[in-house]
Amino acid sequence: MPSSFSNAYTLMMWPWTQTQTNHHWLTMIQEAQEVMAARMPTLWRAFLSPWQADHAEIGLMWSEKTVAFGQSSKAVQRAGRRVEIAAKTQQKSISKARAGQMVTFFDLWEIYERNITAMASLSLLSTAVLKPIQAKVSANAKRLAAK
């Protein structure tokens, strides 16, 4: 788990990080159009003559997307787990207070730690989700441009 300082830094730098992510989104959209334009003739040839199709390239279309979206899904799951951990930590302290027990400074510190970790994870979620997809699109755009 990242330290409180690194999580606070992440939250402080969020506007800059989001600006970079927006730039990566725009770049990916442009490159995705280039990839689609390069792959359309392959798909048309496969449609017109399935026996002479470039099955390796068509297979890449499927497998690369599956891998990239799987990695993005794992980023969403990690952020979700951190939010769940923060919620359970808060629930534990609230239950303690309802039972008439004293909520200590360390309980509050643990809530702070978990909450700031969850907030940092959520602030980086769009970047983490985009990164594997954008990497595959960018690699495809370069590879297909060289053909």
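Values in this text are rule-based calculations from the coordinates and carry no lab data. Here the structure is a predicted model, which means the values were calculated and not measured. Neighbour counts are summed over all protein chains in view; Cβ atoms, including those assigned to glycine, are modelled from backbone coordinates with ideal geometry.
So the values come out like this:
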| quantity | calculated |
| --- | --- |
| Residue-by-residue Karplus 3J(HN,Hα) for the range 82-97, coefficients 6.51, -1.76, 1.60, Hz, glycine and proline x | 5, 5, 4, 4, 4, 5, 5, 5, 5, 4, 4, 5, 5, 4, 4, 5 |
| Amide N proximity, the range 109-147 versus Ala38 label position 7 Å along Cα-to-Cβ, cut-off under 14 Å | 135-147 |
| Per-selection metrics, the range 74-147 (Cα): Rg and Dmax in Å | 19.7, 71 |
| Integer Hz, Karplus 6.51/-1.76/1.60 couplings in order for the range 14-21, x for Gly and Pro | 4, x, 5, 4, 5, 5, 4, 4 |
| nm² value of the averaged projected area, convex hull over the Cα atoms of the range 1-55 | 6.3 |
| Translational diffusion coefficient (Stokes-Einstein; Kirkwood radius from C-alpha pairs) of the range 9-147 at 25 °C, 0.890 mPa s, in µm²/s | 134 |
| Cα extents of the range 18-95 along the three principal axes, largest first (Å) | 67, 30, 14 |
| Rounded tilt (10° steps) of 105-123 against the dominant C-alpha axis of the chain | 20 |
| Sparse-neighbourhood loop sites, chymotrypsin sites (Phe, Trp or Tyr not before Pro) in the range 1-97 - DSSP loop, at most 11 other Cβ within 10 angstrom | none |
| Sequence-separation-based contact order of the chain, relative, with Cα cut under 8 Å and 6+ spacing, percent | 45 |
| Nearest-0.05 FRET efficiency for Ser3 and Leu48, computed from C-beta distance (R0 41 Å) | 0.10 |
| Charge dipole (debye, nearest 20) of the range 62-147; +1 at Cβ of Lys and Arg, -1 at Cβ of Asp and Glu | 440 |
| Percent breakdown of C-alpha pair distances by 5 Å bin, ordered from the shortest bin, for the range 37-82 | 5, 19, 19, 15, 11, 9, 8, 7, 4, 2 |
| Among Glu31, Glu84, Glu57: highest mean-square fluctuation, GNM of the chain, C-alpha pairs under 10 Å | Glu57 |
| ³J(HN,Hα) computed for each position of the range 34-42 - Karplus, 6.51 cos²θ - 1.76 cosθ + 1.60, integer Hz, glycine/proline x | 5, 5, 4, 5, 6, 8, 4, x, 5 |
| Selected from Gln90, Trp62, Ala118, residue furthest toward positive end of dipole (the chain; charges at beta carbon) | Gln90 |
